[in-house]
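The values are calculated or read from the model by the stated rules, or taken from the named source; none is laboratory data. Not measured: the values here are computed from a predicted model. As a convention, Cβ positions derive from the backbone with ideal geometry for all residues, glycine included, and neighbour counts pool all protein chains shown. To get the accessible areas, we keep the full protein, side chains included, count just its heavy atoms, and leave off ligands, DNA and RNA. Shrake-Rupley method; radii C 1.70, N 1.55, O 1.52, S 1.80 Å.
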Amino acid sequence: MTIPTAFLQELLARTDLVEVVGRYVALRKKGVNFVGLCPFHAEKSPSFTVSPAKQFYHCFGCGAHGNAIDFLMAQAGLNFPEAVRELAQQAGLAVPQDERSPQERAREAAQRQRQASLTEILGQAARAYQRQLKGAARAIDYLKGRGLTGQIAKTFGLGYAPPGWRFLSTVFGNYQDERLVEAGLVIAAEGDGEADASGQRRYDRFRDRIMFPIRNVKGEVIGFGGRVLDGGEPKYLNSPETPVFRKGEELYGLFEARSAIRQRGYVLVTEGYMDVVALAQLGFANAVATLGTACTADHVRKLFRFSDTVVFAFDGDAAGRRAARRALEAALPYASDTRSVRFLFLPPEHDPDSYVRAHGAEGFAAAVRDAVPLSRFLLEAASADCDLATPEGRARLSVQAQPLWSAMPEGALKRQLLHELADAVALEPRELLAVWSSGPRRAGMHTPAAARPPAERRVRPPAPAAAMPDDGPPPQPARVAVPTPAGAALPRPATDRGAARRAQRAARGLLDRADRVARIVLSTPQAWDWLTADDHALLAEEPPPHGPLFAWLERQWLEHGPQPWAALREALRGEPFEALAVALHDSGLWLARFDEAAGDALAATPEEVRTELRELLRRLRIERLKREETEWIARVPHDPEALQRYRAIVAERMRLQQGDD
């Protein structure tokens, strides 16, 4: 869905930024503005200013600035559409949804209303559990025994579910309300015993447990974790999956940890509720926990909204290592050159809570600093069960390393790891890549084009230099007689006819291929999903400003999924390719095809858009292959393998060109 710029302007005009910021920051009036302590970095004297006249905030300490949408995205961890919807709801506006049918809009409105109803019920239950904790001596003694204070319990909203089967019937007027079951608070089971009007037996899911409310990034209660006070089983009981709660996407304590994450500069991921609460008590309020599940890609993507540094803390036993391996696999697609992922392995007898009590805050902070970086843990994971003293062990390492390395985004870190893996396997980097590309592939896996060594990458050669001084023409490469595959032609310079065709296209105002691809992916949110990893790498290798723009689009897609132009437009601000992207998008609808006889643009269907995109990528690949052919021909006198590589490139180009016949 594209949100019109006019609506965004109206929304911001009707939003009181002071009120929005004031929900999170204590502001006081100073002259015509309001000031307070910046929520984005630690400071003792206020440098954070909000201007009611300009509806703009700015921190003179860390440089954070923006409007109400920017503030909600940064402070509450919302993405662009979520922040717009939040402000629109407060302003009594409906976000335009022109691309959806009335039926779809009605269904989505009903779903939002249902979700709001469930979070209200869950919040009401949370408040009831908190009231029960005040009079539960056994639960209070347990929490005090774990070193928790009343203040930390209040911060996290801890409560107590009494042992009765139907405590919640005293909280909600209608215990038969199906929303109690849908929210995961009540279980309705068939069986003997006291039955309700429908013949079902209803009882509370949580009984005689310390209750940990699970909040989303907006602070709404979406579920619970309950811990037993004795030796009962299960030790922890979580809410089931509901319309508002998905274990694989949510992180316990993230709402409470947001400010501390920014102040400390990293987020600490643990495995349990008590770890998070106890660490916050002991000075590490930047901790969060997965909810009884392995770390997922959704978890990692959410974490990187709040910090570029993530530290996973695990027990040092076999189970902890397995959990760390799953976290590694989830983090690899997001391990860019500007992000840091580390793994902290504690002694088997310790969890984070006990370790910080035994070694103190400084000792725990030192352990975090010494955590294993992702690069080293990847090497350890790849070499598991490998005897590197034997060729067989090194070969096994190469097989185990390929899917891990291929999952990483292109960048300096990935290239450095290629060299380290090649050293461990006792091969040259290009030899290792050749093994990976020629060996049997696992189902559903491929090696992206960006994974090839620099010598084999399909890069565009530099632009011709300016005219040389009167020193004669530049030296020409030696001519070599090269046998070619049947039907293949040696590369030849562009003909006058080709130059004329380009001139005709320019005269008609048509864009080059990189421009046309950029216009499609900027105008069509789902277009990036249509491309393969090889396509993404091919586009990222385009020279500036197109290549950096495509690389940026891939990062946006990995982090946020398909986004409308309004969201991309906001994210583009300040980027070096902002002007190019805006010009391409605003210059009008891209052409799916051009009627040369009529000289007019024809309307494009989604399938035509997809076909156009595939054809553009095919042409770009052919152009790259032609340039590679020229490069490898020049190497033949000096490189024995150049001829074989040249033949392979020609064969691939001919295969792609079959579509021209």
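How high is the FRET efficiency from THR630 to ALA358, r the C-beta distance, R0 60 Å, rounded to 0.05?
After rounding, the FRET efficiency stands at 0.40.
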Problem set entry | Solvent-accessible surface (1.4 angstrom probe) belonging to ARG621, in square angstrom, nearest 10 | 30 Å²
For this session: Grab the beta carbon distance between LEU388 and GLU249, set R0 = 41 Å, and tell me the FRET efficiency rounded to 0.05.
Result: 0.60
For this session: Counting other Cβ atoms within 10 Å, keep those with at most 16, restrict to DSSP loop, and tell me which chymotrypsin sites (Phe, Trp or Tyr not before Pro) in the range 36-84 are left.
Result: PHE60
Problem set entry | Probe 1.4 Å, all protein chains present, accessible-area order of THR155, THR170, largest first | THR170, THR155
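So if I take the alpha carbon set of the range 361-436, get Rg, then get Rh from the Kirkwood formula, what is the Rg over Rh ratio?
In the range 361-436, Rg relative to Rh is 1.07.
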Exercise. If the limit is 29 Å between Cα atoms, which of LYS44/LYS154; LYS218/LYS414; LYS414/LYS626; LYS44/LYS218; LYS30/LYS154 go over it?
Worked result: LYS218/LYS414; LYS30/LYS154
For this session: Quick one: what are the phi-derived ³J(HN,Hα) couplings along the range 268-275, Karplus 6.51/-1.76/1.60 with θ = phi - 60°, whole Hz, x for glycine and proline?
Result: 9, 9, 10, 10, x, 4, 5, 4
Exercise. Which percent of the accessible area of the range 286-389 is formed by carbon and sulfur heavy atoms (probe 1.4 angstrom)?
Worked result: 48 percent
Problem set entry | Inter-probe distance in nm under a simple model that places probes 7 Å from Cα toward Cβ, at GLU43 and ASP308 | 2.0 nm
Exercise. What residues have an amide H closer than 5 Å to that of ASN238, excluding those fewer than 5 places away on the same chain, when H is modeled at 1.01 Å from N in the peptide plane?
Worked result: GLY226
For this session: Hey, could you grab the Kirkwood Rh for the range 1-86? Inverse mean 1/r over distinct alpha carbon pairs, Å, one decimal.
Result: 13.3 Å
For this session: Take the alpha carbon atoms of the range 118-170, find their center, do the same for the range 519-559, and report the distance between the two centers in whole angstrom.
Result: 49 Å
For this session: Could you list which residues have their amide H under 5 Å from that of GLY223, counting only those 5 or more apart in sequence or on another chain, with H placed in the peptide plane?
Result: ILE214
Seminar exercise, completed: Ignoring ligands and nucleic acids, ILE152 exposes an accessible area, probe 1.4 Å, in Å² to the nearest 10, of 20 Å²
For this session: Report the FRET efficiency, 1/(1 + (r/R0)^6), for LYS29 and ASP141, where r is their Cβ-Cβ distance and R0 is 45 Å, rounded to 0.05.
Result: 0.45
For this session: Please give, to one decimal in nm, the separation of the simple spin-label points placed at LYS134 and ALA94, each 7 Å out from Cα toward the Cβ.
Result: 4.3 nm
For this session: Determine the order of THR630, THR270 by accessible area, beginning with the largest, at a probe radius of 1.4 Å.
Result: THR630, THR270
Seminar exercise, completed: With all protein chains present, the range 218-285 has a carbon and sulfur share of its accessible area (1.4 Å probe) in percent of 44 percent
For this session: Can you tell me the relative contact order of the range 97-190? Whole percent, Cα pairs under 8 Å, sequence separation 6 or more.
Result: 31 percent
Problem set entry | Cut-off 11 Å between beta-carbons: net charge of the residues surrounding ALA518, Lys and Arg +1, Asp and Glu -1 | 0
Exercise. Measuring from label point to label point, each 7 Å out along Cα→Cβ, what is the GLN263 to THR155 span in nm?
Worked result: 0.8 nm
Problem set entry | Share of alpha-carbon pairs per 5 Å distance bin for the range 275-364, given as whole % | 3, 13, 24, 25, 20, 13, 3, 0
Problem set entry | Percent RCO, i.e. relative contact order, over the range 262-393, from Cα pairs under 8 Å lying at least 6 residues apart | 24 percent
